[in-house]
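Read-outs throughout are calculated quantities, based only on the coordinates presented, and are distinct from any laboratory measurement. Since we're looking at a predicted model, the values are computed, not measured.
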Amino acid sequence: MNFTAYWGTRAGNQMFPFALPNFPGVASFTTATAATITPSWGVVGQAGADYMFNDHWGVNVDVKYIMMEPNAHVWAVNTGTPFGALAVPLNLAVKVNPIVVSAGLTYRFGADWGVPKILPF
């Protein structure tokens, strides 16, 4: 399982043209403001391997596929309408399914202590 929380999300405030079909020739641009993204839970598939060169040093590789579907809440604001500014709240489902590949170098302390023994009771 995976839980992802998003901090510091913000709309890019990029303007994009928006045509008003009933008002030809009216220049209109829309911006997205006040974006928030809800936390999400998802299922994770994982595969990986560890390889030890000797008692202390080794490498590991890991591949994860994470299924997430957070909701994005955005206000779309159009300031070029004949009626003044028009703000519309949007609730969007966003599918984010990253593939995460990682690799690492391993060092094990105390490898010369041998295999752990089961204590007799």
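You can think of it this way: the chain between Met52 and Asn71 has 2.6 nm of extra reach, that is 0.36 nm per residue less the Cα-Cα gap.
The length gained on full extension between Leu105 and Lys64, counted as 0.36 nm times the residue separation minus their Cα-Cα distance, comes to 13.0 nm.
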